[in-house]
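First the structure, in the form of structure tokens, and then the observations on it.
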Amino acid sequence: MSQDVTYCYDGSFEGFLCCIFESYRNKEVPTAICCDEDFAPTLFAVRAVTTDPDHARRVLRKLAICSPVCANLVRRGFLTCLPEKELHLYRLVAKLLQEGPGFLRNFSDETLHPVAKAVQHLNSEAHLLKGFVRFSELGGVLGGEIAPKNRVLPLLRSHFCARYLNESFFLYDRTHKEALFYAGGRAVIRPLEAFEMAPPDETEAKYRLLWKRFYDTIAIRERENPRCRMTNMPKRYWGTMTEFQDASYFTPQSSPAAVSAPGVPDGRSVPGTPPAPGPSAPGSYP
């Protein structure tokens, strides 16, 4: 098998599965697998892999037959921030097809360990964000922002859709520039390159201030333990949490005309109904 080829794909989960399909069809082992937008010039031969839904389904079906556990690991592993995750996942799949699922019981296995550890981090971050997300009321729509390391929106979708079943809301991921929209019982994840949260109206500003005062009031100064707080509430999440914002966050907009549409970039409507059908954000959980 040739070892000197780089696969370039569109960044979607289906596209990655097609890379696996092409590898076995062409009897070659890729040296690297990279997304189109992250591609850098290389001395190796480059193979552009076209996403074919049928090929992707065939690969996923094969994984599910060999090991449902591994299939789920690959799905979630693709959402992690693991460096060179595609190559790690490719090696995991190759080992499964070659040796069977026995090695999945050994967490210290050199092929399994980095993927399992990354998925554990993904699951942990998604769990924390279920409690750390702060929504604001913006013209009848709830809006929030997060800045996670992993692509957690697909894991948070069911939680927040169930919690706000009769509401309309959106949750923007600053890191990966995508957003979860929910309205009328339907939820979608879409790319959203540019976004800036609108300033609050007077009512929302008062609620924000009320929450911050509550947070400050229940604190017991004599028992402050910054290290313990940062262990249970890591500092990297503070940037999107109401209780840690400066005065400008609690200042209401000067007039209703200050923004064109509450909480939504210019040219985009508030999601009273879900966006029109279109491609999911790259890497969205299937």
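Checking the table Lys130/Lys212; Lys95/Lys235; Lys27/Lys85; Lys212/Lys235; Lys206/Lys235; Lys62/Lys149 against a 28 Å threshold on Cα-Cα, which pairs fail?
Details: Lys130/Lys212 19 Å; Lys95/Lys235 38 Å; Lys27/Lys85 21 Å; Lys212/Lys235 17 Å; Lys206/Lys235 25 Å; Lys62/Lys149 30 Å.
Violating the 28 Å limit, Cα to Cα: Lys95/Lys235; Lys62/Lys149.
Return a whole-number percent for the relative contact order of segment 1-152, with Cα pairs under 8 Å and 6 or more residues apart as the contact set.
Numbers: 193 pairs, mean separation 31.0, N = 152.
Taking the mean separation of contacting Cα pairs over the length of segment 1-152, I get 20 percent.
Would any residue of segment 131-160 have its amide N under 14 Å from a label point 7 Å out along Cα→Cβ of Met241? List them or say none.
Taking a point 7 Å out along Cα→Cβ of Met241, the residues of segment 131-160 whose backbone N falls under 14 Å are 131-135, 146-148.
Could you list the GluC sites (Glu not before Pro) in segment 159-249 that lie in coil according to DSSP, counting only those with at most 10 other Cβ atoms within 10 Å of their Cβ? Before the final figure, lay out the partial values.
Working: sites: Glu167, Glu178, Glu193, Glu196, Glu202, Glu204, Glu222, Glu224, Glu243; in loops: Glu167, Glu193, Glu196, Glu224.
Passing both the DSSP loop test and the Cβ count: Glu193, Glu224.
Give me the one-decimal nm value for the distance between modelled label points at Lys117 and Arg174, 7 Å along each residue's Cα-to-Cβ direction.
The modelled label-to-label distance comes out at 2.8 nm.
Quick one: grab Rg to one decimal and Dmax as a whole number for segment 202-250, Cα atoms only, in Å.
Answer for segment 202-250, Rg first and Dmax second: 12.1, 35 Å.
Grab the beta carbon distance between Arg229 and Asp109, set R0 = 25 Å, and tell me the FRET efficiency rounded to 0.05. Show your work: numbers first, answer last.
On the way: r = 36 Å, r/R0 = 1.45.
Taking R0 as 25 Å, the efficiency between Arg229 and Asp109 is 0.10.
Report the label-to-label distance for Ala194 and Ile218 in nanometres (one decimal), using points 7 Å from each Cα along the Cα→Cβ vector.
4.0 nm
In which sequence would Phe135, Phe16, Phe78 go, from the one with the fewest C-beta neighbours within 10 Å to the one with the most? Numbers along the way, then the final one.
Details: Phe135 17, Phe16 29, Phe78 24.
If I rank by nearby Cβ atoms, fewest first, I get Phe135, Phe78, Phe16.
Normalized C-alpha radius of gyration of segment 1-156, against 2.2 N^0.38 Å? Could the numbers behind the result be given before it?
Working: Rg = 17.4 Å, N = 156, 2.2 N^0.38 = 15.0 Å.
For segment 1-156, the normalised Cα radius of gyration is 1.16.
Binning at 5 Å from 0, report for segment 70-114 what percent of all alpha-carbon pair distances ends up in each bin.
Calculated over all Cα pairs of segment 70-114, the distribution is 5, 24, 36, 27, 8, 1 percent.
So, in Å, what gap is there between the alpha-carbon centers of segment 120-141 and segment 170-229?
Cα centres, segment 120-141 to segment 170-229: 8 Å.
Principal axis lengths of segment 30-122 from Cα atoms, whole Å, largest first?
Here the Cα extents, ordered largest to smallest, are 38, 28, 23 Å.
Pop a pseudo-label 7 angstrom from the Cα along the beta-carbon direction at both Ser124 and Asp4 and give the gap in nm to one decimal.
4.1 nm
Treating the beta-carbon of each Lys and Arg as +1 and of each Asp and Glu as -1, no other charges, what is the dipole magnitude of segment 202-250 about its Cα centre, to the nearest 20 debye?
Details: 10 positive and 7 negative charges, 48 e Å.
Here the size comes out at about 240 debye.
Coordinate-derived values only; no laboratory data. This is a predicted model, so every value here is computed, not measured. Here the Cβ is made from the backbone with ideal geometry for all residues, glycine too, and neighbour counts use every protein chain on show.
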